[in-house]
Amino acid sequence: MKVIVKWGVAGAAVVVVAGAALLLGGRGAAVQTTAVQRGAIVQSVVATGRVNAPARMDIGSEVTATVLEVPVREGDRVKAGDLLVRLSDAEARATLAQARAALVEARARARQQTSVTGPVSRQAVLQAQANYKAAELEYQRATELVAKGFFSQQKLDDAKRAMDTAMTAVATAEFQAQANDPGGVEPALAAARVVQAEAAVAAAEARLNRLQIRAPVDAVVLARNVEPGSMAQPGRTLVALAAQGDVRIDAAVDEKHLRLLAPGMAARAVADAFPGQPFDAQLTWIAPAVDPQRGSVDVRLAVPKAPAFLRPDMTVSVEMVGGAKKDALVLPSGAVRDADRETPWVLVLQDGRAVRAPVKLGLRGIGSVEILEGLKEGDSAIPQTEKALPGDKVHAARPLAGAKGMEVPSYISR
């Protein structure tokens, strides 16, 4: 007996599908891959910041007074010492005039002490000594005459009293002369009065200067917040200044890039308002601490040749370049796992399986990394977006239309 087997269209389809499933099941899951290639790479850190002046100053008043004059406007360039705001100063000027007059008087008295009072006191000593000598001679003569009976005792007593008075006058004149000598008390008092008068003048000038607010350095006026006739009060900003000098950029960088930063790094910046005019900058300062709220570290960049269009508080984008190579083994950063840890690795396709390969990384660019060790040119890496684990059976899938950097599949299903 013969058995005749008839195949229908449906039966043939089942066999074909079963065969394809067996074939694909043996090859494992299909995954997209990207190849390790040679090319150029630039390691850089991009951040957003703002243009800043070397110093910004909010100028205010130390006293409460009426504003009389504000001779500057926004955008004006001022020199150190230029008048910014003048407050009501009539009383201060009168006090200064009075102090200066007192100083003139004190100095005149000091000169009088040296040229008149001192010499007169010394002459008074000589005169007192002469008077004492005469009184002494008169006393001696009276003593003789009283002894001979020509004068009464009263005459001798009068002569004695006159001699004692003359002696006291000599002592008084000598004390006064000593006080008026160059090293005596009176010249010292005269000098002290001069010092006091000079201090009074300085205090009056300081009070007047507080009413004439001037620019501390060469600067640009950023804001004028007061007008003549208004009242100035301590703690209120009257004029805001930006000191002239080298322009700088203040920016904040994500803390994960901190290891890539180093003072002296070259940078390229571009202002949002002038996107077609980039300019050079240089990293000069890195904050010693990380901002815990933002998770960022503040940096400062110098702009040696600032373009004329830069203004304080302009928003700029900065790219700080840490290194560059023209011929390096490069892999898209999405294919590197644990890149920020001590042992980064890549999942590579080897002999139909996903294999874990430890790697050593070099420069890190935007979207790519340099492979120093662990892979060679042409190796197929499996990106992190693929659902594959080390040891899984996999095969390279057909690349998407227009995809670049993906390996060509190792086979084509028929």
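Annotations
- Just one of the numbered conditions (1) surrounded by fewer than 16 Cβ atoms within 10 Å (Cβ to Cβ); (2) touching a residue at least 60 places away in the same chain (Cβ under 8 Å); (3) under 30 Å from L96 (Cβ atoms) is not true of A200: (1).
To keep it simple, each residue is scored yes or no on (1) modelled with pLDDT under 85; (2) within 30 Å of N209 (Cα to Cα); (3) among the small types (G, A, S).
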residue: L96; (1), (2), (3): no, yes, no
residue: Y132; (1), (2), (3): yes, no, no
residue: M163; (1), (2), (3): no, no, no
residue: T172; (1), (2), (3): no, no, no
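- Extreme residue, surrounded by the most Cβ atoms within 10 Å (Cβ to Cβ), among residues of the stretch 203-215 that are among the small types (G, A, S) and assigned to a helix (DSSP H, G or I): A204
Residues are listed down the side, and each one gets a yes or a no for (1) touching a Leu at 6+ places or on another chain (Cβ under 6 Å); (2) at negative phi; (3) surrounded by fewer than 19 Cβ atoms within 10 Å (Cβ to Cβ):
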site	(1), (2), (3)
V42	no, yes, yes
A53	no, yes, no
R77	no, yes, yes
L87	yes, yes, no
A92	yes, yes, no
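- The stretch 181-197 - residue that is in a loop (DSSP other than H, G, I, E, B) and loosely packed, with under 15 Cβ neighbours inside 10 Å and, of those, farthest from the chain's Cα centre (by Cα): D181
- When every residue of the stretch 256-265 is checked against the conditions, none turns out to be among the charged types (D, E, K, R) and either surrounded by 14 or more Cβ atoms within 10 Å (Cβ to Cβ) or within 21 Å of V51 (Cβ to Cβ) (or both).
- All strands (runs of 3 or more DSSP E) inside the stretch 274-360 with 3 or more residues being within 21 Å of N52 (Cα to Cα): 274-286, 296-303, 315-332
- The stretch 49-63, residues that are in a loop (DSSP other than H, G, I, E, B) and either free of Cβ contacts under 8 Å to residues at least 24 places away in the same chain or more than 13 Å from G245 (Cβ to Cβ) (or both): E62, V63
The values are calculated or read from the model by the stated rules, or taken from the named source; none is laboratory data. Not measured: the values here are computed from a predicted model. Methodologically, a virtual Cβ is constructed for each residue, glycine included, from the backbone with ideal geometry; neighbour enumeration extends over all protein chains shown.
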